[in-house]
Each structure stands twice: as C-alpha cells, then as structure tokens.
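Read through the structure below, which is laid out as structure tokens, and then see the notes.
The values are calculated or read from the model by the stated rules, or taken from the named source; none is laboratory data. Small disclaimer: the values here were computed from a predicted structure and weren't measured. With ideal geometry, Cβ positions are generated from the backbone for all residues, glycine too; neighbour counts draw on all protein chains shown. Please note that ligands, DNA and RNA were not included when accessible areas were found on the heavy atoms of the full protein model with its side chains. Shrake-Rupley method; radii C 1.70, N 1.55, O 1.52, S 1.80 Å.
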Number of protein chains: 2
Amino acid sequence: MTQKACIVGGGVIGGGWAARFLLNGWDVAVFDPDPEAERKIGEVIANARRSLPSLYDKRLPDEGKLTFHNDLTEAAKGADWIQESVPERLELKHKVLGNLTEMASPTTVIGSSTSGFKPSELCAEGARAIVAHPFNPVYLLPLIELVGDPGETARAAEILRSIGMFPLTVRKEIDAHIADRFLEAVWREALWLVKDGIATTEEIDEAIRMGFGLRWAQMGLFETYRIAGGEAGMKHFMAQFGPCLTWPWTKLMDVPEFTDELVDLIAGQSDDQSRHLSIRELERLRDDNLVGMMRALKKSGSGAGGVLVAHEKALANAEPAELPVTVDRQIPQSWTDYNNHMNEAHYLEAGAAATDRFMELIGADADYIASGKSYFTVENHLRYLDELKAGERLTVTTQVLQGEGKKMKLFHFLKNGDGKVAATMETMLLHVDLTTRASCPPPPEVEEKLTAFAKAHTTLPVPDGAGRYVGQRG
Amino acid sequence: MTQKACIVGGGVIGGGWAARFLLNGWDVAVFDPDPEAERKIGEVIANARRSLPSLYDKRLPDEGKLTFHNDLTEAAKGADWIQESVPERLELKHKVLGNLTEMASPTTVIGSSTSGFKPSELCAEGARAIVAHPFNPVYLLPLIELVGDPGETARAAEILRSIGMFPLTVRKEIDAHIADRFLEAVWREALWLVKDGIATTEEIDEAIRMGFGLRWAQMGLFETYRIAGGEAGMKHFMAQFGPCLTWPWTKLMDVPEFTDELVDLIAGQSDDQSRHLSIRELERLRDDNLVGMMRALKKSGSGAGGVLVAHEKALANAEPAELPVTVDRQIPQSWTDYNNHMNEAHYLEAGAAATDRFMELIGADADYIASGKSYFTVENHLRYLDELKAGERLTVTTQVLQGEGKKMKLFHFLKNGDGKVAATMETMLLHVDLTTRASCPPPPEVEEKLTAFAKAHTTLPVPDGAGRYVGQRG
C-alpha cells in the first residue's frame, strides 16, 4: 500500500522532504499557507527529479501523488509521517505540533526539522514529536539527525532508511544537535576572518574545498586524524596535536558583533564571488557535483556511497517480460558529453550492466564471482541509432544468441523512455576461472540456466544488426 | 631543464611533498636524519604512484630522480624549491631555516610546512622563508596556504600551479593561517561532544560525511549558504541566521581539559570504529575516494576539479609517432571492476578519448564543436585481447580506415605498458550539424586534414580484426 507523508511548511526544507518522499513512491500532502508554496515546492521537486534518480543504477519506484491543501486536518489525514518545517519560533512550533499530535494516529511519526530546539522544548506543551533534522538539499544529502523518544526515533529510522536516508540517532538531547554545532563554530571563525580582512568569502571557500572539505566528505574528522596518526594510531595523533588546543589561535572564541557593516562586507564579497550564476544555476551545479561525488563513493561504499549501495539493493529489479529487462534506470547528467547527449562509452556501460544482470539471472552473481568463476567479455559491437539525453528513462532487454559450453553471446536492446530502440549491443563472453584467468566451461547449474534462456530465445527472430561488421551496408 | 626540490624532514608531510614534485618530473633530494626516512617516504610515494596519475586523463611527465642525503648542503645544492617539514618547535625551525637561507641561491623558494607559526616568527632570526602549508595527503589535495613576503609567495604560487596545486595566498599573517582555524574550532567542539557522551567518534564522522562534508568538498561555506539564502541572496541568509550566533549553543567555547581519560575515550572509540582496517588500508581507501570525487568534480570544474582541468591542459600531448598516439595515461582504480581488471566500458571510454584527440588533430576541437559542428559515433566494434590492470600505462594509436565526405572510420589500438595490443576498437563516425542533429559534410579545412591522414594510412596493412563481426572465426 502506498504510504503517505504530510509536509507542514514548504520552502526549501519542506520542499526537499516532499521530493524525497515523492520520488520514493510516497503520496505527499502539503500544507503551507504561503500562496507561493506550490511554485516553490515545484521548483525543489524539479531539481530533485533531475538529480536524485541519477544517484542510482536502478529505477526508483513510480512517483506518488502530490497534493496541496488549505486544511491541515485534511493534509494530515492517514499520514504515516508528518514533517513540520515551520519557522524557528518556539511558540509557533508548540501550536503546530500540538495540533498535529491531536490529528495523528498513534503510529504516525511526527518529525520537526528544527535545527535549534531540543525535543523537551518542542514537547513541553504536550506534543508527541521528535527532532528529524535534515540538511539541504534534503533530496540528495542522506543525513537526518533524530533526537527524542527512543521508540519514536527507532520507528522513524526504519522509514528513513527505506527512502534512502541515513538516520543518526543522537544519544542525548543538546542545543543544535551535532552537525550544526560544527557549522556554527566554523561560521563564527569565518566571520572573524572576513571582518579582520584576513580572507574574503571566496578565499575561505577555497581553503575548505581545496583541502579538508574533500577529506571530510568521505571520512569525516576522526577517521582522517586516525590516518594522520599513522601506524601508532589515534592515541599518537592526540599526543601530538592535542596540546595545540591551548595555543593562542584557539582563544579567539567570542562572537563577532553582527553589525550592518559586517553584513554588507560579506554579502558584497559573496556577490563578487558568485553573482555571475543565478541561485538556480548554483543549485544545479551543486546537485551535479553532489551526484558525481556520491556516485564516486559508491565504488568504495564509504559514507554516502554506502547508503546508496544499500538503498539500491533494496530497489526492485526490473519485472520479467518476453525478453528479460536487464536495466531500468534514469540517465544521469554525468553520462552526457560535449555533444549534449549520452556519451558512447556509457552506452557500453549500460550494456555491461545488462550483462551483469543477465549473469545474475543465470546464477553467475557476486557470490559466484567471489568463488572464483566469472565471465570475461571478448568482443562487443555497438550500433548507435538514436541520441539519448540526461534524465531520460533507459531500459535494456536482452536476447541470448548463443549459450553453450564456455561461450555466451548476448544481444542487448537499449531503449529510450518511449520504448524505441536507441542502440544495440552484441556481446560475446567466455566463462573463465579467475585463478588461472583461462577460459573453462561453467558448472552445470549455470549452464542449465543459460541454455534454458538460449532455447527459449531460438524461436525469436535474429535481431536486426546481429552478426554485422562496422560499416556494413543494408 | 629538470627542476630540483630539496625536502628537509620526511614523514607523512615531507614524503607527500617529495611525491608531488617527483611525479611531476622534478628531481627530489631528501635530507632527514631519521634512519627510517627512506622506508617511510617510499611508502608515501608508493601511495602517490597509485593515485595521483589516476586524477588525469593524460600521462604525467616522467618521474624525476629521488636521492637521500646525510648532508644538508649537498641536498640543498642547486634546488629551485626547498621545503622544510621538521617538527613544530620554533627554535628548531629557526636553526634549520637559517642554515637553508645561507645555502640557497637568492631565487630559491624556501617554504615551511608549519601549521602554526607566522612568517614573522619563522624569520625572526634572519631566515628568508615563507609559509607553504600543505594538507595531507599532499600528493592529492591541491591546497597550499602561502603566507609571507609578496614577491616570494608570488614566485612560489607559480611553481605550485605548475605541479597541479592550488596556492591560496593569505592576505595578512595570523596564527594558524586559515584552514587550521576551522579544523581547530571543529576539533574543540568534537572533543566536547565525545566527552559529554552526546556522540561517539564514529557518529561524529557520520554527522560530517553524510551531510555538510559533501557540500563543503565542492562549494565551501559561503557559496553553500548563498544557495540557502535563495533568490534573496546572501544578505537574506545572514538576516535569517546571523542572530543564531547569540543563541546558547554557541556559548560552549572554552577548551576541554585534555585529560588521560579523554584521550583514552577517544582512542578507544576510534579503535572500535576503524580497527578492522590497517592504516595502510585506510590510506588507500581515502585516496581512492579522493580520486573518485575529484575526478567527478572535473566534469563541472568546481573546486579541485577546476585545478585538475587546468593542470591537465598544461600536460604535454602524446608525441607524434608513425600512427598518431591519441591517448597516453595511467589506468585509474575506478576503471576496474569485480573481475579485478579494467572494465569493458572503460576500453570504450579510452577509445572515445582517442577519437576526441584525433578529432582535435583534424581541427574538430572544442571551439569547432562550440561553433555547431561535430562527429557522432554510429558504430563501434571492440575486441578484448588482454586484461588491463589499475596503475598500468595505457596508450592508444589510431589508424584511419576511411575518411571522405561525412564518413570517418578509425581503428584504435589500445596498448598496455609493454606496447602489447590489449584491445582494438573499430569506430565509424558521421559528421553532423549540431543544430539540426543531421549528418552533413565537414568544411574543407577539416576534410583536408582528415583525407591527408587517410591517404598517409593507405600504405599501412588493414589491421588484424578490422571489418569483422562478433564471433567471426579465424
């Protein structure tokens, strides 16, 4: 049964929550008195549609239904998750969360996006709510800080994992939870540096993204320092660097006065740095970068990459059809090139993924490869019949042309969103022993499944384009 | 003429500097009294060899010569850059930098890796040195903070750019420069969180790398917040969030006492988090992640990706030979797959890069494409003859099989480090008008260059494997 999320308060954060649920197949009901809410949330969802599916090499579920409501009761009705993202005023949060607690069923998660308030503050007037604090862009960044009743946060964590997020349950409530304490410490220091003319906003951004920002994105703070300690470990690192904490450069800890001059200085520098791009362009740049980096982390499974791997495993494989559907996914921006269409190498990447999936279908899966057997590709022939664009749906169906002994010849049809064949790939593989790297026949349980496919496919016509050489006419 | 760097003080930082210079073609002379110096620096360089070249899609220059010296004068002789990375004790720095100033020629850059001392402190006893503060791993992270005399830092910046780094010149000297002030602020906050039992070291790492760490790696602090401000810009963001600075959660700014209990608590948690991996394994994981993320950023040119793009442009194109060499590079780890060899799609990626380079050779370069003309691939045939491994050198030579009118048929030979053909790719392209997306003949200046190649190559034998279909015998 389709699950339902109720989003109370739109804007960038509420819109991000809406997109995350919607693109994971949930119905989403939005309540927001802002007359611009529908437009604003629509823009966030448009951003999400072009980036979130690009993280995965499988298709996300069909989108749920998105509705907008003027009546809170109607929006909240039957919701499995209600997320409050109204402005950070405690009396407003009390009122909204109190109302929602009355409307919600006892099993509904009521989450607050608050970055500053503790659950004891939110629930001081009887509301049943937990902190579920996200990070912008909510549709891409996995982190959600959960704080509050252990039973409620455990239930929330399970749901969050099912929509590809990473719940971090905070052990004790504390002002600003965890991440925002760090952000605040850095922000404070950055304001001093700008105010004292040590660095501009752009120079500070470079100091972060050219150096430790890259370290933190994949390992965080302590694991990075553990490496710095070398073989002697964390204790050695702390012995070496711990005492620095008492050096003069850590004494500068009072808060700079937030004068108009400081605001103008920073806003002016930020304009100089980035004015050539609109916020919408900056958002797309950020999202493309995040998608590219997170896809890179899938390879090792580190950090956000591990979350993607786990979520992708939980996504449904394509449904069987006349020919097995071996790929079903959205084309990521990173697959396109200077000709503004999918680059030729990624046609082969999609075809290789289809081969991988077909191997799984005949039992030559990851465990099988770990046991020391696999297939190696010896030849590929690709015909490029039509352009494919970023954001398009791509499906691949696979026909077995030959499957006997150590030989396996497959024919992949790459189809665009309308089911039109945009490319074909004929591929010949040999079964190999990974120890000797020499070819050998597969064991009977694999060969049986392969020959069963091959036999079923003998009744099909030889595909247009099979058995051809490059440039062959007619 | 080969340039020379003198590295004074080995360890992780000195070794990183050595690797950065060496792999960019510099001779490197190391002075370090530690009897283990050669082993330790060797390990860092081994890490660098498997990761730094993977950032680029062109080959780095031939490595320079690495020597170890017991005599500082000999090590420093004729050096264009001397880098001091001895322990952070001011009297020791005074002594070493004073000696180096006497030995160095007036044009030699004398850089100190100090993270804490200001140039006025370093030079208080007459040394001529600047701060050139790197970030671990020095062979991958581009950032170098330069502080000191404007003439000296300008000269240093030019050299750093030539070895693929990003010099950030700090406007005024200040304790700890820029980045370490942020690291220190976060470190202080993290110590409190662990001490107070709010989060473990692992949870803190997750709070960073699942959220804002990903943002910072590509945009830094201010550009991220600019987006958060939305269309209303940075000023709006500051109006909204500036006042938070006076909230109670920013008051926690005194330094936690560095007791044995705190050290044991943190070291113990870090062990629990990462003990299953050795430091060497953690380093390789970190490096593979950094390479993957930085390669992803090349696509947009953001942050470290922009540095790579600029440096790669400055790298030499492959030398012409009998057949044009269209690719010359090292195979990155990210190109390998579960069979522990280069994945089939990346053979095509290398072949596509060879096609791109050949297009440049006939004048169909980036400007040409921007003017609205290009070539589209319509067919590829790949034969996989041998496995290729991460870290191997890969070269591609290209033979023109057909080049007339709108048709261009190329044959790429993909060769391993020994010059053995590991794969061939036959590729057919059509010249297109990017506006209509329809094929059309190229302009005479392109066609002439193409036909000149085609004519020169008619005397060559038809390559083994050309004009064949998949599975063809003999």
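Where the convex hull is taken over the Cα atoms of segment B:258-409, what is its projected area averaged over directions, in nm²?
13.8 nm²
Label A:GLU36 and A:ARG437 with points 7 Å out from Cα along Cα→Cβ: what is the distance between them in nm?
Rounded to a tenth, the inter-label distance reads 6.2 nm.
At most 14 other Cβ atoms within 10 Å and a DSSP loop assignment: could you name the GluC sites (Glu not before Pro) in segment B:85-193 that fit?
B:GLU125
Just to confirm, what accessible area per residue do you get for the protein assembly as shown at 1.4 Å probe, in whole Å²?
With all protein chains present, the protein assembly as shown gives 38 Å² per residue.
Rounded to the nearest 100 Å², what is the buried accessible area between B and A, both sides summed, probe 1.4 Å?
For chain B against chain A, roughly 14700 Å² becomes buried.
Just the number: Rg to Rh for the protein assembly as shown, Cα atoms, Kirkwood Rh, two decimals.
0.98
Normalised by the residues of segment A:347-474, what does the relative contact order come to in percent, with Cα pairs under 8 Å and at least six apart?
Relative contact order, segment A:347-474: 27 percent.
Using only Cα atoms, find the angle between the long axis of helix A:179-195 and the longest principal axis of chain A, and express it within 0 to 90 degrees, rounded to the nearest 10.
Roughly 70 degrees, rounded to the nearest 10.
Helix-only mean residue ellipticity at 222 nm, chain A, DSSP H runs n ≥ 4 weighted -39,500 (n - 2.57), per residue, nearest 500. What is it?
Per the formula, -12500 deg cm²/dmol.
Largest first, please: the extent of the C-alpha atoms of chain A along each principal axis, to the nearest Å.
76, 58, 45
So if I restrict to the alpha-carbon atoms in segment A:59-98, what is the Rg, and what is Dmax, the biggest pairwise distance, in Å?
Cα-based Rg and Dmax for segment A:59-98 come out at 13.4, 42 Å.
Label A:LYS95 and B:LYS172 with points 7 Å out from Cα along Cα→Cβ: what is the distance between them in nm?
Simple spin-label model gives 4.7 nm for this pair.
Give the residue from B:GLY111, B:ILE41, B:PRO61 lying farthest towards the positive end of the charge dipole for segment B:4-176; charges sit on Cβ (+1 for Lys and Arg, -1 for Asp and Glu) and the dipole is referred to the Cα centre.
B:PRO61
Need the list of lysines near B:LYS40 for cross-linking: C-alpha distance under 29 angstrom, and skip anything on the same chain fewer than eight residues off.
A:LYS235, A:LYS299, B:LYS4, B:LYS58, B:LYS65, B:LYS77, B:LYS93, B:LYS95, B:LYS118, B:LYS389
Using 7 Å Cα-to-Cβ label points, what is the B:ASP365/A:THR73 separation (nm, one decimal)?
If labels sit at B:ASP365 and A:THR73, their model points lie 7.1 nm apart.
At R0 = 56 Å, how high is the FRET efficiency between B:GLU125 and B:LYS195 if r is their beta carbon distance? Nearest 0.05 is fine.
Rounded to the nearest 0.05, the efficiency is 0.90.
Once fully extended, how much extra length lies between B:GLU261 and B:ASP62, figured as 0.36 nm per residue of separation less the alpha-carbon to alpha-carbon distance?
Stretched fully, the B:GLU261-B:ASP62 segment lengthens by 66.6 nm.
Run the numbers on chain B and let me know its relative contact order in percent, using alpha-carbon pairs under 8 Å that are six or more apart.
Worked out over chain B, it gives 11 percent.
How large a share of the accessible area of segment A:317-457, in percent, is made up of carbon and sulfur atoms when the probe is 1.4 Å and the other protein chains stay in place?
Answer for segment A:317-457 is 51 percent, counting heavy atoms of protein chains only.
Counting other Cβ atoms within 10 Å of each Cβ, which trypsin sites (Lys or Arg not before Pro) in segment B:396-451 have at most 11 and sit in a DSSP loop?
Of the trypsin sites (Lys or Arg not before Pro), the ones in loops of segment B:396-451 whose Cβ has at most 11 other Cβ atoms within 10 Å are B:LYS420.
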